[in-house]
Amino acid sequence: MSHVVSSKVRFTDLDALEAALKIVSGGRAHLLRDQKTWKWYGTWVNDYSQEDAAYKLGIDPKDYGKCDSAIHLDGCSYEIGLYKRGNAYICGFDFWGSEGNKLRSLFGQGLEKLGKEYARQATVRAAERLGYSWTQTGNKIVINTGTSGNAWGPKQQKGWVK
Amino acid sequence: MAQIIVHLLDDGTTKIEGQGFIGKECDQKMKPFEEALGLGDEGRTNSPEYYAYVDNKTKVKV
């Protein structure tokens with residue numbers, strides 16, 4: 001069976017993704033940067049067409065098994081492929097059977113657990129890179145960027161500007 | 001104090017909002033976070049403050 005799906009999750013900061021993988025998997029999942037293939041059932045037999053089917057979300061079936069980077073989980077013979085689309089990476093993986101289930105049970109049905117931790121890591125890293133303070137309460141991260149009202153350059157601050 | 005608030009949603013996606021910004025400073029400050037989170041411009045809604053004008057005494061006209 002070749003049940004290859006994608007998800008709404010997008011990655012742009014691979015360092016943040018690496019950190020998220022470590023936290024979500026307890027060190028069992030690894031980002032394999034620039035690995036050009038990912039492991040799956042191996043043959044597309046056109047037997048999955050739900051809304052999350054990878055071919056409906058921007059991955060051509062002829063590219064199943066190919067990728068720009070990959071995620072490997074220790075003890076799992078299937079992997080997750082990362083496809084570069086503009087500035088972001090989207091994911092493709094085969095969820096079928098016991099191997100696919102290992103990926104889903106750890107990262108979420110649609111990789112939502114990984115996506116959530118990635119978002120936390122990417123947000124905090126961006127805030128710290130810019131020198132902003134931040135706090136997290138539950139699922140909300142608040143970043144303090146300082147006082148507003150000085151958005152335009154000195155020339156533009158004279159009089160009314162658009 | 002201007003703030004950016006990132007909501008981590010259970011489906012693995014995010015919602016991001018700017019509070020306390022005047023005018024298009026919001027774009028400038030939020031861009032690094034939108035890029036880090038892989039968000040595009042689609043789905044963005046701007047509050048009335050986004051369209052505000054500012055003079056050199058920080059007088060605001062909405």
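Angle between the Cα long axis of helix A:14-25 and the longest principal axis of chain A, 0 to 90 degrees, nearest 10? In chain A, helix A:14-25 runs at an angle near 60 degrees to the longest axis.
Under a 10 Å cutoff between Cα atoms, tell me which one of A:51, A:18, A:99 has the largest fluctuation in the Gaussian network model of chain A. Greatest mean-square fluctuation among the candidates belongs to A:51. Mind checking the angle between helix A:97-107 and chain A's longest principal axis? C-alpha axes, 0 to 90 degrees, to the nearest 10. Once rounded, one gets 20 degrees. Which angle between 0 and 90 degrees, to the nearest 10, do you get for helix A:112-129 versus the longest principal axis of chain A when only C-alpha atoms count? Relative to chain A, helix A:112-129 is tipped by roughly 30 degrees.
Taking one quarter of the surface of the convex hull spanned by the alpha-carbon atoms of chain A gives a direction-averaged projected area of 12.6 nm².
Shape class for region A:72-139: prolate, because the ratio a/c of the largest to smallest gyration tensor axis (alpha-carbon atoms, square roots of eigenvalues) is 1.5 or more and a/b beats b/c. Using the structure shown, select from A:62/B:31; A:62/A:140; A:56/A:113; A:102/B:31; A:22/B:31; A:66/B:24 the pairs with a Cα to Cα distance greater than 32 angstrom. In this structure, A:62/B:31; A:62/A:140; A:102/B:31; A:66/B:24 lie more than 32 Å apart at Cα. How would you classify region A:28-70 from its alpha-carbon gyration tensor, with a ≥ b ≥ c the square roots of the eigenvalues: rounded for a/c under 1.5, else prolate if a/b is greater than b/c, otherwise oblate? Because a/c hits 1.5 or more and a/b exceeds b/c, region A:28-70 counts as prolate. Build a GNM of chain A with springs between Cα atoms under 10 Å apart, and of A:47, A:63, A:15 the one that fluctuates most is A:47.
Any read-out appearing in this document is the output of simple, stated calculations on the displayed coordinates, not a laboratory observation. Given the structure is predicted, the values throughout are model-derived calculations rather than measurements.
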